[in-house]
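Inspection log for the structure reproduced underneath, given as structure tokens.
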Amino acid sequence: MKIDKLSVIKKSLEEELKTTQQALNSAVEARDSAPSAMESHTDTTRNQSEKMVTALTSQLTNLKKMIESLPETIPVSQNRIDVWSLVELIGSIRLSVILVPEGYGGKECDGVKIVSVEAPLGRSLLGKKIGNNISILDNKFIISAVA
């Protein structure tokens, strides 16, 4: 498994940051072009757009914090799965997973699933070793590699 875990996570977060920034730009434009309360007493488009702008701004701030807080290097695993482990699972399908702290998961980049330690898959992987079996939603996997 020759995958730079840190660059996969960072690339995924940067892609999400770019998408969120584009959505924010669209929301700001929609908000600014919507009629104000003075122009229309029944149209709530501006209010709804403002709520969207606020939510996207918060999401953008959180993504920037996550990118900034990524470690410079990720410790090498001792074949026991922990946070930042890259795990190869073999079952009816092959699955590559990077286990990350809460808040970073739920993404996929370059064929690698980024899974939070709080997710069901993450919880079932923590502490396991190569050769261990796990079951997730009626799917059975064997852990074939940990890096």
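Kindly indicate whether any position in region 102-110 is of a type in the set (Lys, Arg) and surrounded by fewer than 19 Cβ atoms within 10 Å (Cβ to Cβ). The answer is no, given that none of the residues of region 102-110 is of a type in the set (Lys, Arg) and surrounded by fewer than 19 Cβ atoms within 10 Å (Cβ to Cβ).
Based on what the data block shows, is Ser135 outside the structural domain of Leu17 (by TED's automatic domain parsing), within 21 Å of Ile9 (Cβ to Cβ), among the hydroxyl-bearing types (Ser, Thr, Tyr) and surrounded by fewer than 21 Cβ atoms within 10 Å (Cβ to Cβ)? Step through it out loud before you land on a result.
Numbers: outside the structural domain of Leu17 (by TED's automatic domain parsing): yes; within 21 Å of Ile9 (Cβ to Cβ): no; among the hydroxyl-bearing types (Ser, Thr, Tyr): yes; surrounded by fewer than 21 Cβ atoms within 10 Å (Cβ to Cβ): yes.
Judged against the criteria, Ser135 is not a match.
Here Val53 meets each of (1) among the β-branched types (Val, Ile, Thr); (2) touching a strand residue (DSSP E or B) at 6+ places or on another chain (Cβ under 9 Å); (3) surrounded by 14 or more Cβ atoms within 10 Å (Cβ to Cβ) with one exception, condition (2). Whether any residue in region 92-113 is of a type outside the set (Val, Ile, Thr) and either over 30 Å from Leu60 (Cα atoms) or in contact with a Cys (Cβ under 7 Å, 6 or more places away or on another chain) (or both) is what I want to check. Looking through region 92-113, at least one residue is of a type outside the set (Val, Ile, Thr) and either over 30 Å from Leu60 (Cα atoms) or in contact with a Cys (Cβ under 7 Å, 6 or more places away or on another chain) (or both).
The number of residues in region 111-122 being of a type outside the set (Val, Ile, Thr) and surrounded by 15 or more Cβ atoms within 10 Å (Cβ to Cβ) comes to 5. Selection of first residues in region 59-75 that are in contact (Cβ under 8 Å) with a residue 40 or more places away in the chain and of second residues that are surrounded by 16 or more Cβ atoms within 10 Å (Cβ to Cβ) and of a type in the set (Phe, Trp, Tyr), restricted to Cβ pairs under 8 Å at least 6 apart or on distinct chains, gives the following pairs, ordered by first then second residue: Met66/Tyr104; Pro71/Trp84; Ile74/Trp84. Scanning region 131-147 for residues that are under 22 Å from Ser7 (Cβ atoms) and either outside any strand (DSSP E or B) or modelled with pLDDT of 95 or more (or both) gives a single hit, Ala147.
Restricting to region 98-115, what's the tally of residues that are in contact with an Asp or Glu (Cβ under 8 Å, 6 or more places away or on another chain) and either within 19 Å of Asn79 (Cα to Cα) or aromatic (Phe, Trp, Tyr) (or both)? Talk me through it step by step, then tell me what you get.
Kept after step one, since they are in contact with an Asp or Glu (Cβ under 8 Å, 6 or more places away or on another chain), are these residues of region 98-115: 99, 102, 105, 107, 109, 114.
Next, from what is left, pick out any that are either within 19 Å of Asn79 (Cα to Cα) or aromatic (Phe, Trp, Tyr) (or both): 99, 114.
Of the residues in that region, 2 qualify.
Selection of region 91-101 for residues being surrounded by 13 or more Cβ atoms within 10 Å (Cβ to Cβ) and out of contact with any helix residue (DSSP H, G or I) (no Cβ under 8 Å at 6 or more places or on another chain) yields Gly91, Leu95, Ser96, Pro101.
The values are calculated or read from the model by the stated rules, or taken from the named source; none is laboratory data. This is a predicted model, so every value here is computed, not measured. Because the Cβ atoms are built from the backbone with ideal geometry, glycine has one as well, and the counts that use them run over all protein chains shown.
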